[in-house]
Each structure stands twice: as structure tokens, then as C-alpha cells.
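There's a structure below that I have some questions on.
All of the numbers you see were taken from the coordinates with simple rules; none came from a lab. These numbers were taken from a predicted model, which means no experiment stands behind them. Every residue, glycine as well, gets a Cβ built from its backbone with ideal geometry; the counts of neighbours run over all protein chains shown.
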Amino acid sequence: MPVDKTEREISALVGQIERGEIKLPEIQRGYVWKPTQVAKLIESLYRGYLSGSLLFWQTDETPQTRAAAIDRPVVQPAVVPLYLLDGQQRVTSLHRVLTDHPQAAIVFNVESEKFQNQSAATAKDPRWIKVYDVLKPGVDQWHLVSGLHERNPDLTPNDISKRLQRLAAIPSHKFHMEVLRDFPYDEVTQIFVRVNSGGRPLKTSDLALATLSARWPGVLERLEGEAAYWTQRGFGDVDVTFLTRALTGAVLGRGLSAWSHARLVAATDDQLERGWNTVQRGLRHLVPLLQNNLGASHSRLLPSMIVLLPLIVLLGEREDEQLDGASADGILYWFLAATVRNRYSGSTDTRLGQDIPAARMADPVRRLLSNLGVSATGLTITPQDLAGRSVGSPYFFLSFLVAKEAGAKDWWDSIGISAAAEGSQTLEYHHIHPQATLKSHPAKYSKAEINDLANLAFISGKANRKISHRSPVDYFPTLGDQELTAHLIPLNEQLRHAAEYRSFLSVRRRLLADAMTGLFDRFRPAWLAPADESVDPMSGSVLEFVLHDNPAGEDVLFATARNADTTWSATMSATELDDAITAATAGVDGDLVVAGESVPVRVDDDTIEIPIGPFLVTGTASEWRKVLDREREDARTMADFVEPGSAAWDGERLPFPVTSVD
């Protein structure tokens with residue numbers, strides 16, 4: 001079976017896409033590059049760096065395809081098309097730049113020779129020129145040089161001309177191409193998976209989708225149709241990626257792993273069809289249960305979507321008989337318990353490999369709770385469980401549910417709080433005691449205390465702006481007692497003063513904890529006894545980051561961990577952490593120096609695990625990035641930095657979601 005090797009100019013490839021001579025097989029994922037990545041590609045071509053090769057497939061078959069993200073009509077090809085297996089992001093990006101796509105408005109600085117996406121600043125700066133204005137057909141190079149020199153007299157026309165000529169040569173750059181001929185679709189899929197498992201790999205969900213597309217043509221259309229169905233019903237997170245996970249879980253009985261695609265290849269058509277029926281049927285039973293019985297009206301409220309997978313299998317494969325109230329309550333009880341226990345914050349594949357089979361057994365709720373460590377006594381929420389928790393904690397989700405159940409209304413329009421609200425009514429979280437007052441208070445409240453869950457209430461954006469930085473002493477009198485108690489806020493007027501803030505947190509934590517325990521008890525199976533005390537292993541655990549901006553070197557990230565009676569602190573390089581996350585995003589394990597010791601940075605599916613003191617901190621790349629970006633926005637100077645004296649941690653580590661880092 002031959003493999004042809006050739007070369008082709010970028011301009012020729014762009015023309016082939018528009019003539020339909022280059023197509024995307026269904027196994028390809030969608031276009032995902034951001035403008036920054038497009039700018040880096042153009043810069044690499046400008047500087048003559050290696051830009052990789054392209055892999056195509058030519059066949060007499062007519063495989064399922066997906067549309068390229070070029071926003072242009074594609075004609076029916078006059079020749080046998082090539083199917084692009086590797087290089088879609090690069091080729092699509094180049095087409096966008098050369099055809100003036102609005103999301104690829106890359107600009108070139110004729111002085112510094114740098115590239116970036118167009119912005120308001122570059123539009124006003126005479127040194128920047130749009131790349132398309134240099135590459136478009138029929139452009140007058142002399143006119144461009146003349147205009148740029150006039151706007152930048154410090155640059156010589158000769159220098160400007162040389163730089164524009166290098167830029168104008170980009171469409172003539174030749175890509176090395178390899179074309180597979182006469183390979184069957186299933187073998188091409190295996191090649192696609194192997195190619196994309198090296199270098200910068202696709203996520204396991206992308207690889208699983210590619211395998212499913214080859215094994216089961218038309219599956220992408222089914223997934224996209226199902227995703228659209230749930231988007232219209234408030235569950236937009238039931239997207240193609242989630243549905244791929246759900247289908248794989250239903251077929252294989254476990255989560256995604258690096259070997260999922262091999263197992264999917266061996267699945268029969270009947271197994272795939274049954275798995276898809278399970279997913280559809282399970283979702284149509286589960287989502288209304290969450291929306292109507294629990295009040296989780298929109299998927300964006302949910303801390304984790306993975307927790308839905310065992311329940312989809314449970315309800316999707318259940319006999320077609322009446323779902324009694326006790327069974328429905330038990331399902332929601334496990335959902336709440338698995339959510340607050342961060343069941344899938346690490347080792348996702350392993351735990352789904354326990355929970356999906358449990359969902360298929362007799363008495364599934366009992367078996368699922370047993371996997372969670374709940375077998376005789378139910379869960380109770382204590383004030384200590386809520387200490388140090390903030391917006392990233394699953395208890396934040398519970399605080400919304402109990403406030404909604406208590407009849408909480410917005411503090412401006414007196415409309416019941418709702419995740420569906422839009423415009424000025426869009427739901428936000430509000431610091432009851434304003435951050436500005438607490439940060440400057442003589443009591444020296446910590447960041448974790450200021451952002452504590454007990455200081456947050458759900459109100460509209462308009463109400464939030466109206467209150468602004470006012471103290472509860474000033475704005476609480478404008479609200480009735482019922483408006484406060486529905487939000488589980490104590491009425492004691494003394495607690496409205498910033499000096500009594502810690503007492504306020506203590507009292508409100510008790511109110512929230514009691515309401516959350518009441519929510520659990522409402523769904524608790526009859527065979528579980530009420531609990532007297534919390535058994536949450538994370539109770540009292542706090543991890544706080546503070547980033548210090550270091551103009552003389554790498555930024556320093558200061559970590560403080562509290563667990564039971566232990567307080568531990570250490571530093572790490574924020575730059576090294578950023579690099580480790582970047583490498584982990586590409587599927588590459590790495591290392592990070594924490595407290596003078598090198599610790600491993602490991603990747604498990606989409607989860608990045610980093611040991612930091614008494615915790616194994618886990619989260620997706622986007623969750624880690626969100627935490628780092630937040631710390632950069634609130635960075636302190638090195639003048640505030642005090643070197644900690646803690647040594648490297650040598651004890652056991654507790655799983656800790658990065659979303660709970662304050």
C-alpha cells in the first residue's frame with residue numbers, strides 16, 4: 001500500500017480547500033486554534049522555522065466528512081479529493097489569514113517584526129500592518145512601503161521592503177506532504193490516532209470520537225444533534241465531548257483512557273447502538289430529575305459533569321417501569337454526595353470503572369454510596385466543612401440550592417434567583433462584607449477569609465453594582481428581614497460591622513451548614529441513619545496562593561496549606577508552574593520545585609496532579625490556568641514577600657481540587 005511524498009505551496013493548498021479537493025474526514029476534531037496560535041504559525045513561516053508536514057489520505061471510498069472552518073462555500077471537486085489527517089489546524093489557519101477571516105486578523109510590526117492578533121491598540125499604532133494587506137492579490141508593494149515609511153520615518157524604505165518581501169513570500173512556502181493511498185478507513189483511523197498521540201496529543205475524548213467516527217459512520221451527526229437538543233434546555237455542557245465520554249462509558253463500562261480507542265474498535269455495532277440508546281434514555285430521565293426535583297436548572301451550575309455518567313447508565317439501562325420517589329431521591333442523594341466529596345477530582349478512569357458497573361447491579365444506589373464510603377450513616381455538613389471554601393468549592397453549588405429552596409430573591413427587583421436570568425438580572429455572587437473594607441481592616445483578614453463561602457450571596461448583576469462597596473451596616477436596613485433570612489444571613493445587627501466579620505462568618509456557616517444538611521436529609525435513603533458529625537476528609541483543609549510580582553526574575557507563588565492542626569507554607573516559581581501546565585496540556589509529565597524539592601507533575605486523562613504540601617492538587621489545565629490568572633490579577637510586590645521556613649512535605653497527601661484553592 002503506497003505512501004506518496006510530495007510538496008505543495010500554501011497558496012495551492014488554500015485553493016484546493018475552496019475547490020473541495022481537500023476535505024476533512026469525520027474523525028477530525030473541530031477547529032480549535034486561538035488567534036495567538038495563528039500568529040505564532042505566521043511568525044514561524046516568516047522566520048523560516050520548521051512548520052511540520054501534512055498527512056493526507058486518498059481513497060475511492062466516500063467517508064463521512066465534516067466542514068472546514070473557513071466560512072466560505074465549497075464547490076464539488078472535479079478530482080478525487082484528499083482527506084486531511086494531520087495538519088487541519090495549520091491549513092485552516094492559513095486559509096483564514098489568506099482570505100481575511102475576521103477571527104484571523106493577524107498584524108505585523110514592521111519595526112520589531114513581531115506578530116499578534118489585531119487590537120484597538122495595534123489599529124492606532126503606525127508600526128503595525130495587517131498581514132492580509134500584504135498578502136492579498138494585486139497588492140502594490142511599493143505603495144505599502146511608501147506609506148509605512150511615511151508613518152515610520154525612523155525606518156528605512158529598504159528595511160521595510162525586505163521585511164514585507166519576506167512576509168509576502170509566505171504563500172509560496174512549501175509544506176512536505178505524505179499521501180496514504182488505498183488504506184481502509186479503520187486502518188487510517190488507527191494511523192490518525194497514533195499520529196495525534198505523539199507530539200501534542202489530542203485529548204482522549206478526541207481520540208475516542210475519532211475511533212467512533214470510523215467504526216460507526218454518522219456518529220458525529222448524532223452527537224451534535226443530541227448536544228443541540230440539550231443546549232436548548234439549559235444543559236449546554238452536554239456537548240459532543242461529554243456525549244463521547246458518556247457513550248464510551250456505556251459501551252466499555254469505564255471512563256476514557258489512552259487505550260479506549262482500541263477497545264472501541266473491538267465493539268460490535270450492536271454494542272454501540274445499545275450504548276447510544278442508554279445515553280439518550282439516561283439523559284432524558286436524569287436531566288429533568290435534576291432540574292425539577294433538585295433545582296439544578298442549568299448545567300453551568302454543576303461543579304462536575306463527570307458525576308452524571310454513572311447515573312446516565314443507571315437510568316438508561318433501567319427497566320421501563322415506574323421510578324418510585326425513594327429511588328429518585330436516592331439517585332439525587334448520591335449525586336449530591338459524590339459532588340461534595342469531589343468523587344472524580346483525580347483517577348477519573350479508575351473511579352468510573354468502579355461506579356459504572358455498580359450502577360448496573362441490583363440496588364445500584366446502595367452500591368454507588370458504598371464506593372463513596374457511605375454505607376450505614378448518611379452525610380451531615382458542619383460549619384467546619386465550609387471553613388475556607390469559596391466559589392470553586394462544590395459547597396458553593398449547595399449554597400445556591402439551599403438559598404433557592406429558601407425562596408431567596410434578588411435584592412433589587414425582588415425576583416427569585418435563577419441561573420436562567422439574563423441581562424441586568426444575570427446571576428452573580430456578591431461579597432456581603434465588601435472586599436475593599438476587609439482588605440484594609442486592622443484585623444488583617446486573610447484572602448481566604450474575605451472570599452469565604454459564608455461571605456457570598458447570589459444576587460443580580462444590577463443589585464451587585466448598586467450595592468458596590470457599601471457596608472452591610474448601610475445597605476441591610478434597606479432590605480427586609482425575610483430578604484436576608486432567605487439568603488441564610490443572620491439578623492444580628494452587631495455582625496454587620498467589619499470588626500465582627502469573623503463572628504459573622506461563624507454564624508452564617510452554621511446557618512448554611514444546617515440548610516445543606518437539611519437538603520441531604522430530604523433525599524437520604526431510609527436505610528441510611530442520620531449522621532451526628534461530618535466525615536468529609538477535606539473538612540478544615542485550606543490551600544491559599546499568593547503571587548508576588550518579581551521584576552528582577554521569575555514571579556514567586558507563595559502557598560499556605562492548613563489541614564487539621566497543621567499549617568505548612570512554601571514557595572514555587574509561578575513561571576515553572578505555568579510551563580509545567582503547558583507541558584501537561586500536551587500530555588507530557590513534568591517536574592516542579594516546591595519548597596526546594598522536585599515534585600512530579602502528572603497527567604491523568606484531562607486531569608493534572610501536582611503535590612503541594614499536604615495536598616495532591618488536581619484539576620484540568622483550564623482550571624489551573626484560571627487560578628494562575630486570578631493570582632496574577634491580584635499580584636503583590638516582592639516587598640510584601642517573606643520567605644517561609646517550612647521544609648518539603650514528607651507525609652500522606654489528601655486529594656484537593658485546584659478549584660478550591662483560594
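Need one number: % antiparallel among DSSP beta bridges in the stretch 1-195, to the nearest 5. Kindly include the intermediate steps, with their values, before the conclusion.
On the way: 18 of 25 bridges.
So the antiparallel bridges amount to about 70 percent of the total.
Then there is this: Normalising by the residue count of the stretch 101-251, find the relative contact order in percent from Cα pairs under 8 Å and 6+ residues apart. Provide the component values of the computation, followed by the final result.
Details: 113 pairs, mean separation 19.6, N = 151.
Taking the mean separation of contacting Cα pairs over the length of the stretch 101-251, I get 13 percent.
Given Cβ point charges of +1 (Lys, Arg) and -1 (Asp, Glu) and nothing else, what value in debye, to the nearest 20, does the dipole of the stretch 589-662 about its Cα centre take? Mind showing how you got there, number by number?
Numbers: 7 positive and 17 negative charges, 32 e Å.
Dipole of the stretch 589-662, to the nearest 20 debye: 160 debye.
May I ask you to order 382-388, 281-287, 454-460 by the average number of other C-beta atoms within 10 Å around their residues, highest value first?
On the way: 382-388: 21.1, 281-287: 19.4, 454-460: 23.9.
Taking the mean over residues of other Cβ atoms within 10 Å, the ranking is 454-460, 382-388, 281-287.
About the Cα centre of the stretch 204-371, how large is the charge dipole given +1 on each Lys and Arg Cβ and -1 on each Asp and Glu Cβ? Please answer in debye to the nearest 20. Provide the component values of the computation, followed by the final result.
Working: 17 positive and 18 negative charges, 96 e Å.
About 460 debye.
Could I ask something else about it? Where does the chain land at 222 nm, in deg cm²/dmol rounded to the nearest 500, when only DSSP H runs of n ≥ 4 count, each adding -39500 (n - 2.57), divided by all residues? Working shown, then result.
Values: 27 runs with 275 residues, N = 662.
So the helix-based figure for the chain works out to -12500 deg cm²/dmol.
By how many degrees, 0 to 90 and rounded to 10, does the Cα axis of helix 35-47 deviate from the longest principal axis of the chain?
It is inclined by approximately 30 degrees.
Another question, if that's okay. With the contact rule set at Cα under 8 Å and sequence spacing of 6 or more, what percent relative contact order holds for the stretch 87-146? Before the final figure, lay out the partial values.
Details: 56 pairs, mean separation 17.6, N = 60.
Once normalised by length, the contact order is 29 percent.
Hey, another quick one. Taking K and R as +1 and D and E as -1, what net charge do the other residues with C-beta under 11 Å from the C-beta of L495 add up to? All intermediate terms of the calculation are to be shown ahead of the outcome.
Numbers: positive: R496, R502, R508; negative: E493, E500.
Residues near L495 contribute +1 overall.
Would you list I381, I415 from fewest to most Cβ contacts within 10 Å?
I415, I381
Can you give me the long-range amide H partners of W649? Hydrogens built in the peptide plane at 1.01 Å from N, cutoff under 5 Å, separation of 5 or more residues or another chain.
Placed amide hydrogens put G613 under 5 Å from W649.
Per-residue counts of other Cβ atoms within 10 Å, averaged by peptide: what ranking do you get for 392-398, 116-122, highest first?
Numbers: 392-398: 22.1, 116-122: 14.3.
The most tightly packed comes first, giving 392-398, 116-122.
Of K40/K124; K124/K174; K404/K462; K130/K174; K23/K162, which sit over 26 Å apart, Cα to Cα? Before the final figure, lay out each step's value.
Numbers: K40/K124 22 Å; K124/K174 34 Å; K404/K462 19 Å; K130/K174 22 Å; K23/K162 36 Å.
Beyond 26 Å: K124/K174; K23/K162.
Place +1 on the Cβ of every Lys and Arg and -1 on the Cβ of every Asp and Glu in the chain, take the dipole about the Cα centre, and give the residue among A498, G388, Y445 whose Cα lies farthest towards its positive end.
A498
Can you check what the net charge comes to around L369, using other residues whose Cβ is under 13 Å from the Cβ of L369 (Lys, Arg +1; Asp, Glu -1)?
Details: positive: R341, R343, R366, R367, R524; negative: D329, D355, D363.
Result for the neighbourhood of L369: +2.
Starting from the amide H of D591, placed 1.01 Å from N in the peptide plane, find each other amide H under 5 Å away whose residue is 5 or more places distant or on another chain.
HN-HN under 5 Å from D591: V601.
So, one more: List the relative contact order of the chain as a percent without decimals, with contacts defined as Cα pairs under 8 Å and 6+ residues apart. Could the numbers behind the result be given before it?
Numbers: 1095 pairs, mean separation 68.2, N = 662.
Answer for the chain is 10 percent.
Only one of the listed values, (1) -0.53, -0.69, -1.18; (2) -0.29, -0.42, -1.39; (3) -0.24, -0.34, -1.32, was derived from the coordinates as log10 I(q)/I(0) by the Debye sum over Cα atoms at q = 0.05, 0.06, 0.12 Å⁻¹; which label is it?
So the structure-derived entry is (2).
Net charge within 12 Å of Y49 by Cβ-Cβ distance, Lys/Arg positive one each and Asp/Glu negative one each, not counting Y49 itself? Could the numbers behind the result be given before it?
On the way: positive: K40, R47; negative: E43.
Combined, the nearby Lys, Arg, Asp and Glu give +1.
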